[in-house]
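Q: The structure that follows is given in the form of structure tokens.
The values are calculated or read from the model by the stated rules, or taken from the named source; none is laboratory data. Please read these numbers as outputs of a predicted model, since none were measured by experiment. Cβ placement follows ideal geometry from the backbone for every residue including glycine, while neighbour counts extend to all protein chains displayed. What goes into the accessible areas is simple: the full protein's heavy atoms, side chains included, and nothing from ligands, DNA or RNA. Shrake-Rupley method; radii C 1.70, N 1.55, O 1.52, S 1.80 Å.
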Amino acid sequence: MTEPAGKLLKAIICLFIVCVTAQTAAADVQDYPNSSVKYVVPYSPWSAADSIGRLTAARLEEALRVPVIVEDKSGAAGNIACDYLAKSAPDGYNIGTVATAVTGSISLDKNLPYHTFRDFTPIGLNAVLHLAVVVNRSLPIRNIRELGSYAKSNPGKLTFGSAGVGTGSHLSVELLRMLADIDITHASYKGTANALPDLLENRISLMFDFVPLAIEHIKADKLRAIAVTMKNRSPLLPEVPTIKESGIPQYEFTNRFGVAGPTGIPPDIVTKLNAAIVRGMNGEALCAELIQRGGEVVTRTPQKVDL
């Protein structure tokens with residue numbers, strides 16, 4: 001075979017492979033999903049974030065008509081789960097929860113094994129959860145102004161617990177510290193549930209915790225809620241003002257939860273997943289259930305996912 005003929009044959013073979021691959025990919029997209037989907041949750045079981053992930057996975061299972069298997073991969077403020085997702089095959093069969101904390105990781109950890117903005121395909125924003133500022137009742141603090149005054153009069157005395165460096169319960173306090181110019185010492189835990197016993201026993205002073213986790217102790221007069229972090233008051237704590245109302249008008253912290261997968265998921269699959277989330281998360285029963293869990297449904301298109 002002459003050299004030109006050999007080159008022509010190679011070109012034809014390559015073209016054939018490209019065409020077959022494209023047809024196979026198109027068929028895979030059209031057939032999606034044809035097996036179970038793994039849904040990764042980056043936080044510990046029974047946490048508020050875990051409950052949001054499981055609610056989302058259940059609605060996806062109903063809409064997609066295949067099993068959606070929840071797998072908890074907690075640790076490192078969600079970075080373990082994010083690393084797993086970033087390195088998964090971009091076929092729509094490995095997706096999971098991403099939260100506000102993920103966007104802060106890139107500035108807090110310069111050695112992340114993934115890139116926060118390049119390595120993920122946004123699929124949808126599904127919910128937000130309300131955080132309440134809760135203090136031990138032995139402290140003479142009943143509102144945000146008194147918190148600021150106490151912190152300035154007793155430098156280094158106040159401590160706050162969080163679910164870990166870079167989590168919403170950490171960053172929300174850092175924002176308050178910056179805006180109010182107060183000093184509060186950080187104590188990092190593996191989840192706010194692990195910090196709660198120390199708060200109840202006054203080993204730490206305060207915490208920005210998810211409303212449903214703290215409300216039992218608030219109603220039992222074991223903890224005092226002095227504010228919430230959202231723009232609006234929580235339906236579960238309507239008598240508790242927002243931090244914005246409490247004299248810091250610049251303050252607003254929203255703990256958003258979205259769904260993402262590795263970069264490169266075909267757009268048709270992303271569209272199908274997003275439609276399933278929007279359809280599944282907007283039912284009246286689910287919206288009412290989420291309110292009781294201290295949050296609210298917020299579903300958006302992939303292009304408008306802004307954690």
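Q: Just for segment 128-181: of the residues that are surrounded by fewer than 16 Cβ atoms within 10 Å (Cβ to Cβ) and of a type in the set (S, T, Y), which one is farthest from the chain's Cα centre (by Cα)?
A: So the residue we want is S153.
Q: I've got another one for you. Tell me, yes or no, whether segment 261-270 has at least one residue that is open to solvent by 10 Å² or more (accessible area, probe 1.4 Å) and without any contact (Cβ under 8 Å) to a residue 24 or more places away in the chain.
A: Yes: one or more hits.
Q: Identify the residue in segment 230-243 that is at pLDDT below 95 and crowded, with 16+ Cβ neighbours inside 10 Å and, among all such residues, is nearest to L171 (Cα to Cα).
A: Step by step, filter segment 230-243, then rank; the result is M230.
Q: Filter segment 60-88 for residues that are open to solvent by 50 Å² or more (accessible area, probe 1.4 Å) and farther than 28 Å from G164 by Cα; which is modelled with the highest pLDDT?
A: Here the residue is P67.
Q: Looking at the structure I just gave you, is N126 assigned to a strand (DSSP E or B), in contact with a Ser or Thr (Cβ under 9 Å, 6 or more places away or on another chain) and touching a residue at least 12 places away in the same chain (Cβ under 8 Å)?
A: yes
Q: Quick check on my filter: what residues within segment 154-167 are within 14 Å of A193 (Cα to Cα) and either modelled with pLDDT of 90 or more or part of a helix (DSSP H, G or I) (or both)? Before you say what the answer is, go through the steps one by one.
A: Narrowing segment 154-167 to residues within 14 Å of A193 (Cα to Cα): 160-164, 167.
F160, G161, S162, listed by residue number.
Q: Mind listing whichever residues of segment 204-229 are surrounded by fewer than 22 Cβ atoms within 10 Å (Cβ to Cβ), assigned to a loop (DSSP other than H, G, I, E, B) and of a type outside the set (G, A, S)?
A: D221, K222
Q: Taking the criterion of being surrounded by fewer than 22 Cβ atoms within 10 Å (Cβ to Cβ) and over 28 Å from V98 (Cα atoms), would at least one residue in segment 252-259 satisfy it?
A: no
Q: Here is a list of conditions, (1) in a helix (DSSP H, G or I); (2) touching a residue at least 40 places away in the same chain (Cβ under 8 Å), and P197 meets all of them except one; can you say which number that is?
A: That leaves (2) as the condition not met.
Q: In addition: Check F120 against each of (1) open to solvent by 20 Å² or more (accessible area, probe 1.4 Å); (2) within 30 Å of K231 (Cβ to Cβ); (3) at pLDDT below 90; (4) of a type outside the set (D, E, K, R) and name the one condition it does not meet.
A: If we test F120 against (1) open to solvent by 20 Å² or more (accessible area, probe 1.4 Å); (2) within 30 Å of K231 (Cβ to Cβ); (3) at pLDDT below 90; (4) of a type outside the set (D, E, K, R), just (3) comes out false.
Q: Return yes or no: is A187 open to solvent by 20 Å² or more (accessible area, probe 1.4 Å), aliphatic (A, V, I, L, M) and assigned to a strand (DSSP E or B)?
A: Details: open to solvent by 20 Å² or more (accessible area, probe 1.4 Å): yes; aliphatic (A, V, I, L, M): yes; assigned to a strand (DSSP E or B): yes.
Answer is yes for this residue.
Q: Which pairs have Cβ atoms under 7 Å, sit 6 or more apart or on different chains, and link a residue in segment 85-111 that is within 25 Å of F210 (Cα to Cα) to one that is in a strand (DSSP E or B) and modelled with pLDDT under 80?
A: Filtered contacts from segment 85-111: no entries.
Q: What are the residues in segment 138-191 that are out of contact with any Ser or Thr (no Cβ under 8 Å at 6 or more places or on another chain), hydrophobic (A, V, I, L, M, F, W, C) and under 27 Å from I80 (Cβ atoms), if any?
A: Result: L175, single match.
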